[in-house]
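Visitor: Provided herewith is a single structure, encoded as C-alpha cells, for subsequent inquiry.
We did not get these values from a lab; they are worked out from the coordinates using the rules stated. Bear in mind that the values here come from a model prediction, so they are computed numbers and not experimental data. Cβ placement follows ideal geometry from the backbone for every residue including glycine, while neighbour counts extend to all protein chains displayed.
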Amino acid sequence: MRKPLVIDADSHVEEVDQTWDYLEEGYHHRRPLAVTTENIPALAGHNAFWYIDGTIHPQYLGRGTTVFATPLSMAYASTKPFSLGSQGMTDPAARLRDR
C-alpha cells in the first residue's frame, strides 16, 4: 500500500533573521531585531524576542499574550522535536522529513 500524501496547509514557520531580507528597501530601517537574553527559568526557555518599533514580541504577559519559538535563537526552539532548519524553513529537506 502506498504511503498517503499529506499536505499541511496550516504549517507553522518560525521567523529567522533572513525572513526580513525580503522587505522593500524603504522599510529596511524598520526590520525586526532579534534580541537574546539570559535564559531565565520562569520563561521556560523563551529567552529571545523580536524588537519591533520599540516593543518586544512575542509578549508573554498581559494583553496580546502569545507564545512562539521565534526568533530561533531562543533556548525553547532547540527543545522542539524538529531541527532549527526545519522550523525556520532554511532547510527544506529537513522540513520535508519532518512532515
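Visitor: Within the stretch 1-43, track down each residue that is acidic (Asp, Glu) and surrounded by 10 or more Cβ atoms within 10 Å (Cβ to Cβ).
Guide: Those that are acidic (Asp, Glu) and surrounded by 10 or more Cβ atoms within 10 Å (Cβ to Cβ): Glu14, Glu15, Asp17.
Visitor: Report yes if some residue within the stretch 48-55 is in contact with a strand residue (DSSP E or B) (Cβ under 6 Å, 6 or more places away or on another chain), over 28 Å from Asp98 (Cα atoms) and exposed (fewer than 15 other Cβ atoms within 10 Å of the Cβ); otherwise report no.
Guide: First, the residues of the stretch 48-55 that are in contact with a strand residue (DSSP E or B) (Cβ under 6 Å, 6 or more places away or on another chain): 48-51.
Going one step further and asking which of them are over 28 Å from Asp98 (Cα atoms), we end up with 51.
Imposing the further condition that a residue be exposed (fewer than 15 other Cβ atoms within 10 Å of the Cβ) reduces the set to 51.
The answer is yes; a qualifying residue exists.
Visitor: Which count do you get for residues in the stretch 1-30 that are assigned to a loop (DSSP other than H, G, I, E, B) and touching a Gly at 6+ places or on another chain (Cβ under 9 Å)?
Guide: Step one: filter the stretch 1-30 for residues assigned to a loop (DSSP other than H, G, I, E, B), giving 1-16, 23-24.
Next cut, touching a Gly at 6+ places or on another chain (Cβ under 9 Å) only: 13-16.
Residues that pass the stated criteria total 4.
Visitor: Now a separate question. Here are Thr70, Thr90, Thr66: which of them is in contact with a Pro (Cβ under 6 Å, 6 or more places away or on another chain) and either in a loop (DSSP other than H, G, I, E, B) or basic (Lys, Arg) (or both)?
Guide: Just one listed residue meets the conditions, Thr66.
Visitor: Right, Ser78: among the hydroxyl-bearing types (Ser, Thr, Tyr), assigned to a helix (DSSP H, G or I), under 17 Å from the mean Cα position of the chain (by Cα) and under 30 Å from Pro4 (Cβ atoms) or not? Before you say what the answer is, go through the steps one by one.
Guide: Working: among the hydroxyl-bearing types (Ser, Thr, Tyr): yes; assigned to a helix (DSSP H, G or I): yes; under 17 Å from the mean Cα position of the chain (by Cα): yes; under 30 Å from Pro4 (Cβ atoms): no.
No.
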